[in-house]
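For reference, the structure is listed below as structure tokens.
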Amino acid sequence: MPPPAKQPNVRVVTLTIDGRDLSARADETIIEVCRENQIPIPSLCYLEGLSVWGACRLCLVELAGQGRLLAACSTRVTEGMQIQTNTEKLQRYRRTIVELLFAERNHVCSVCVSNGHCELQHMAQKCGVDHVRVPYRQASYPVDSSHEMFRLDHDRCILCTRCVRVCDEIEGAHTWDVMGRGSDCRVITDMAQPWGESDTCTSCGKCVQVCPTGALVKQGTSVGEMVKDQHFLPILARRRLAQ
Amino acid sequence: MNLDDLADLAEQYRAIDANVEREVRVCMAASCQSSGAAPVRDALVAGLGESQPSCKVKGVGCMGLCSAGPLVSIADRDGSLEESTIYRDVTADDAADIIASLDGPPVERLRCPTDQPFFARQQKIVLENAGIIDPDSFKGYVAVGGYSALIRALSEMTPADVLREVTDSGLRGRGGGGYPTGLKWSTVAKMPATQKYVICNADEGDPGAFMDRAILESDPHRVIEGMAIAAYAIGANKAYVYVRAEYPLAVERLQTAIRKAKRSGFLGNKIGDTQFSLEVEIRLGAGAFVCGEETALMASIEGLRGQPRPRPPYPAESGLWGYPTLINNVETFANIAPIVREGGDWFASIGTERSKGTKVFALAGTITNTGLIEVPMGTSLRDIIEVIGGGIPGGKAFKAVQTGGPSGGCIPAQHLDIAVDYDSLKTLGTMMGSGGMIVMDETSSMVDVARYFMEFCMTESCGKCVPCRTGTQQMHGILDRLAKSQATRAELALLEELCEVVQATSLCGLGQTAPNPVLSTMRYFRDEYEAKLGDA
């Protein structure tokens, strides 16, 4: 007789998302289950391979029986959940959030090197943002071109902190961080010194690759060349975990 | 140590001042100090000299009526505030008159009647020692029965007994949310973990609120005792007080209290000769409103940037450094010793059906008696403002009261008869909050009020989530244009929509409640918004 099967310590649950019956592991988040099943959930700060940040609020979903919206990236699935990912209300909120992002800094796509390859631009198109109702802040932030390979343009930054997390969690350098409060927040290298003078930066370029917009780009690239590759991240993250 | 030993100790401490029959108590809390209490005390000490050994000058905590400070009270040694003679607006020059009157009739020109509703209508549990004991004196606290609740819990009760009393008391979190304290404690107690933490949230940052500050400045040992009982009940051996650095006097008194409690064996290893140990440390907050939010507060203690994280997991499950953590507000902890001492049923007999006990409020704004009061839950707003607070000065009419700080809202005159508790305030679109009340008269512009609170939320947003970071900014922009009569009707509609989005989508309580002052003023004073429209 074979020995009794060892019980796995993670349960499998069933839930419905947009009316579809799905099964998932209890340690998965809603966004992971959605992506597995090709259910589109918009998100800007979430990136597979990095820790969950929960800040862009675009992945909010509705849960039956609960008034408060849940962030799909930071909520684990539970048995019997009934989730709606694309209601009229959610679409309206997402549009407004994207508009707020556009108005916060000077996101002018026509003069951006990431034009056509920008996740914010893509998100606006997906959410149906064809104009911005709130006034642009017109705050002027400096561009940091002190690094020999890369450039940082605060005006294009949406503070998703992907660069901060990838540098800390994958590269292990923790060159990036955030300073300031509210809309005055900005990403910094080391102790807010020019990127080119950073002692900790390894020039690995991971931050540039994961940046969703034109805030972090390679120097001297044209619009056609500045295509970002984020496929390396889940593979790297898994390898790190396996070690 | 058992209760009898503690009673003996209290008796010894009382015997030190056995010859003192009367006390001249000078309020040395922050408000009275800022209006010159220290020179008054010095003048009284110098004036009294050694002439009357039966009379002693003592620095005490907050007596409540901050608008009349510096306050001095003359009381029998064990006398309560109401039984004493209170002098208001005392200066150093008045010291001679006060000393001269000690054996005769009181100085009428300085007298502040104690039979007035401000004193007579209060019921003090949290503030029972405030204004009576010297907050820096460990002996003084023990002499009035301090630490007896802790010793009783340790020597006569199991942690489950303590949890039962707290649950029976019906106490709800005084930080604003009103979450049942007993439930929170038992959740943390049930978590299997090798390490647990207790945190006292003293990061009070609402405009117009100074309850926690006054409690810490008046009776710091009381808070420590409550924390120690909580730690015993949930199985923690390490506690933090997260207090903002803008409260230097509270921090100093807390430090003194922790040091003295430790030296006397009420903190540290093997408290009261039992197996229970507790270390209490102070963590200073650099002054960010968001750090009052529990997950941001814990991040700050851990040395990280004070930003909230999504919940769940709640701190009870995964808190400080991933361990189960109990976070309560200062006032919540200050309620614990009386609950253990008198029993949960006693506490539950005070207040309303769903909100038990008393609540400390800070009265501010255009009101005759600004200061600190403690009343039973369910007291009507009218009683608080018109009777206890003395109404609006200068013959002006009452317009609204703002409760709950930037997370709360404004209550207009037609709802003044509402009984104040957690649930009734929510039905009016505001909240209890930690207990700040800002009273406004007819001259206040509600659009300006909304703009003020939105500016606060905008500048205090941590910047993590998009709706709070930039939504509050856009809302402030519209309110600013409204206040200048430049906004259009379309912008007003946009403001309402932004309120909805920021409320529904923000990451933490700061953003989710930021639109409340706008929504509540719009609900009750919409005409003022309409009148300010540029294209009206």
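The values are calculated or read from the model by the stated rules, or taken from the named source; none is laboratory data. What you see is a predicted model, and the numbers here were worked out from it, not measured in a lab. Glycine also receives a Cβ, built like all others from the backbone with ideal geometry; neighbour counts cover every protein chain displayed. Surface accessibility is based on the protein's heavy atoms, side chains included, excluding ligands, DNA and RNA. Shrake-Rupley method; radii C 1.70, N 1.55, O 1.52, S 1.80 Å.
Does B:Leu492 satisfy being out of contact with any His (no Cβ under 9 Å at 6 or more places or on another chain), within 14 Å of chain A (Cβ to nearest Cβ), touching a residue at least 40 places away in the same chain (Cβ under 8 Å) and open to solvent by less than 10 Å² (accessible area, probe 1.4 Å)?
Numbers: out of contact with any His (no Cβ under 9 Å at 6 or more places or on another chain): yes; within 14 Å of chain A (Cβ to nearest Cβ): yes; touching a residue at least 40 places away in the same chain (Cβ under 8 Å): yes; open to solvent by less than 10 Å² (accessible area, probe 1.4 Å): yes.
Taking the combined requirement at face value, the residue satisfies it.
Of all residues in region B:496-518, which are farther than 19 Å from B:Gly177 by Cβ and more than 10 Å from chain A (Cβ to nearest Cβ)?
Once the filter is applied, which keeps residues that are farther than 19 Å from B:Gly177 by Cβ and more than 10 Å from chain A (Cβ to nearest Cβ), region B:496-518 yields B:Glu496, B:Cys499, B:Val518.
Condition check: assigned to a loop (DSSP other than H, G, I, E, B), among the aliphatic types (A, V, I, L, M) and either away from every other protein chain (no Cβ under 11 Å) or touching a Cys at 6+ places or on another chain (Cβ under 9 Å) (or both). Does A:Leu15 satisfy that?
no
Would you please list the contacts, defined by Cβ atoms under 6 Å and residues six or more apart or on different chains, that run from a residue in region B:51-72 that is closer than 18 Å to B:Asn129 by Cβ to a residue that is among the hydroxyl-bearing types (Ser, Thr, Tyr)?
Once the first residue is closer than 18 Å to B:Asn129 by Cβ and sits in region B:51-72, its partners that are among the hydroxyl-bearing types (Ser, Thr, Tyr) give B:Gly61/B:Ser218; B:Cys62/B:Ser218; B:Cys66/B:Ser31; B:Cys66/B:Thr370; B:Val72/B:Tyr87.
For residues that are at pLDDT 95 or above and open to solvent by 10 Å² or more (accessible area, probe 1.4 Å), tally how many sit in region A:100-112.
Total satisfying the criteria: 1.
Filter region B:25-74 for residues that are part of a strand (DSSP E or B) and buried (at least 24 other Cβ atoms within 10 Å of the Cβ) and give the result.
First, the residues of region B:25-74 that are part of a strand (DSSP E or B): B:25-27, B:55-60, B:72-74.
Passing the criteria: B:Arg25, B:Val26, B:Cys27, B:Val60, B:Val72, B:Ser73.
Of the numbered conditions (1) small (Gly, Ala, Ser); (2) touching a Leu at 6+ places or on another chain (Cβ under 9 Å); (3) at pLDDT below 95, A:Ala215 fails exactly one; give the number of that condition.
The failed condition is (3).
Any idea how many residues of region A:76-98 are assigned to a loop (DSSP other than H, G, I, E, B) and surrounded by fewer than 23 Cβ atoms within 10 Å (Cβ to Cβ)?
Here is the first cut: in region A:76-98, the ones assigned to a loop (DSSP other than H, G, I, E, B) are A:77-81, A:85-87.
Those still in the list that are surrounded by fewer than 23 Cβ atoms within 10 Å (Cβ to Cβ) too: A:78-80, A:85-87.
Residues in region A:76-98 being assigned to a loop (DSSP other than H, G, I, E, B) and surrounded by fewer than 23 Cβ atoms within 10 Å (Cβ to Cβ): 6 in total.
This table checks each residue for (1) among the hydrophobic types (A, V, I, L, M, F, W, C); (2) within 27 Å of A:Leu159 (Cα to Cα).
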position: A:Ile17; (1), (2): yes, no
position: A:Ser23; (1), (2): no, no
position: A:Thr29; (1), (2): no, yes
position: A:Cys34; (1), (2): yes, yes
position: A:Arg57; (1), (2): no, yes
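Are any of the residues in region A:180-202 within 14 Å of another protein chain (Cβ to nearest Cβ) and of a type in the set (Lys, Arg)?
Yes, there is a match, as at least one residue in region A:180-202 is within 14 Å of another protein chain (Cβ to nearest Cβ) and of a type in the set (Lys, Arg).
Looking at B:Ala231, B:Ala209, can you tell me which residue is outside any helix (DSSP H, G or I) and not aromatic (Phe, Trp, Tyr)?
Numbers: B:Ala231 fails: outside any helix (DSSP H, G or I).
Answer to the selection: B:Ala209.
Please note which helices (runs of 4 or more DSSP H) are completely contained in region B:418-489 and include at least 1 residues that are within 14 Å of another protein chain (Cβ to nearest Cβ) and surrounded by 20 or more Cβ atoms within 10 Å (Cβ to Cβ). Explain how you work it out, then say what you get.
Working: elements: B:422-427, B:446-460, B:472-483.
Output list reads B:446-460, B:472-483.
Conditions: (1) over 20 Å from B:Gln503 (Cβ atoms); (2) open to solvent by less than 50 Å² (accessible area, probe 1.4 Å). A:Arg57 meets all but one. Number of the miss?
A:Arg57 satisfies all of (1) over 20 Å from B:Gln503 (Cβ atoms); (2) open to solvent by less than 50 Å² (accessible area, probe 1.4 Å) except (1).
Which of (1) part of a loop (DSSP other than H, G, I, E, B); (2) of a type outside the set (S, T, N, Q); (3) within 13 Å of another protein chain (Cβ to nearest Cβ) does A:Asp177 not meet, given it meets every other one?
(1)
Select, from B:Glu246, B:Glu294, B:Glu225, B:Glu279, the only residue that is closer than 19 Å to B:Ala337 by Cα, of a type in the set (Asp, Glu) and either in contact with a strand residue (DSSP E or B) (Cβ under 8 Å, 6 or more places away or on another chain) or surrounded by fewer than 23 Cβ atoms within 10 Å (Cβ to Cβ) (or both). Break it down into steps so the answer makes sense when it comes.
Details: B:Glu246 fails: closer than 19 Å to B:Ala337 by Cα; B:Glu294 fails: closer than 19 Å to B:Ala337 by Cα; B:Glu225 fails: either in contact with a strand residue (DSSP E or B) (Cβ under 8 Å, 6 or more places away or on another chain) or surrounded by fewer than 23 Cβ atoms within 10 Å (Cβ to Cβ) (or both).
Matching residue, one of B:Glu246, B:Glu294, B:Glu225, B:Glu279: B:Glu279.
Among all residue pairs at least 6 apart or on different chains, which show Cβ distances below 7 Å where the first residue, located in region B:467-479, is closer than 21 Å to A:Gly54 by Cβ and the second is assigned to a helix (DSSP H, G or I) and open to solvent by 10 Å² or more (accessible area, probe 1.4 Å)?
Qualifying pairs under 7 Å: B:Cys468/B:Leu510; B:Thr472/B:Met458; B:Gln473/B:Met458.
Residues are listed down the side, and each one gets a yes or a no for (1) touching a residue at least 24 places away in the same chain (Cβ under 8 Å); (2) more than 15 Å from A:Pro212 (Cβ to Cβ); (3) open to solvent by 20 Å² or more (accessible area, probe 1.4 Å):
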residue	(1), (2), (3)
A:Arg133	yes, yes, yes
A:Arg137	yes, yes, yes
A:Met149	yes, yes, yes
A:Leu159	yes, no, no
A:Glu171	yes, yes, yes
A:His174	yes, yes, yes
A:Asp177	no, yes, yes
A:Arg181	no, yes, yes
A:Cys185	yes, yes, no
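List the pairs whose first member sits in region B:430-450 and is more than 27 Å from B:Ala214 (Cα to Cα), whose second member is charged (D, E, K, R), and whose Cβ atoms are under 7 Å apart, counting only residues at least 6 apart or on separate chains?
Listed pairs, sorted by first residue: B:Glu442/B:Lys396; B:Glu442/B:Lys399; B:Thr443/B:Lys396; B:Ser444/B:Lys399; B:Ser445/B:Glu528; B:Met446/B:Glu528; B:Val447/B:Glu528; B:Val447/B:Lys532.
Among the numbered conditions (1) modelled with pLDDT under 95; (2) open to solvent by less than 30 Å² (accessible area, probe 1.4 Å), tell me where A:Tyr141 comes up short.
Exception for A:Tyr141: condition (2).
Residues that are within 20 Å of B:Gly146 (Cα to Cα): which helices (runs of 4 or more DSSP H) entirely in region B:242-353 hold 2 or more of them?
Ranges flagged: B:248-263, B:330-334, B:336-342, B:344-348.
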